[in-house]
């Protein structure tokens, strides 16, 4: 598996291309933490995570995948571009707190990245102009 980074992601200028870069093609029900879910919950309530989360949101302008025009008004997530494993938390892998491996997104985009449900990915709005004859 190739390590995904914010630097590389930022080279893609459209939402669709960023989504394709991040897409994991997982399956609903795939277990990530199983019985060690408590570790995941402890991590996401830590002071370090909350501070980092705020920095990432600010860097991304509160926009889905950091793309202007895709502002998030509720249900904001910070997505780890490279899935976290139990070992990463148990061994204090510094990558889990590195903004280079994080991106802001909505819950729908987050689920689409993990499970490939592209129907829920937001689409670019079509700008209407005077004289348009097609409905969309």
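Quick note: the coordinates plus some simple rules give every number you see, no bench work behind them. Quick caveat, the model's predicted, so the values are computed rather than measured. As a convention, Cβ positions derive from the backbone with ideal geometry for all residues, glycine included, and neighbour counts pool all protein chains shown.
Points worth noting:
- Which of 23, 42 has the fewest Cβ neighbours within 10 Å, and the rest in rising order: 42, 23
- Note on segment 6-120: Kirkwood radius taken over Cα pairs, Stokes-Einstein applied at 10 °C and 1.306 mPa s, translational D equal to 108 µm² s⁻¹.
- Computed FRET value (nearest 0.05) for residue 108 with residue 133, which takes r as the C-beta separation and R₀ as 25 Å: 0.20
- Taking each residue as 0.36 nm, the span from residue 8 to residue 46 lengthens on full extension beyond its C-alpha to C-alpha distance by 10.9 nm.
- Rounded FRET efficiency, nearest 0.05, which uses the C-beta distance separating residue 54 from residue 87 and R0 of 25 Å: 0.40
- Counting other Cβ atoms within 10 Å as a rough exposure proxy, the listed residues 74, 46 run 74, 46 from fewest neighbours to most.
- Modelled FRET efficiency - R0 25 Å, residue 94 with residue 21, Cβ distances, 0.05 increments: 0.65
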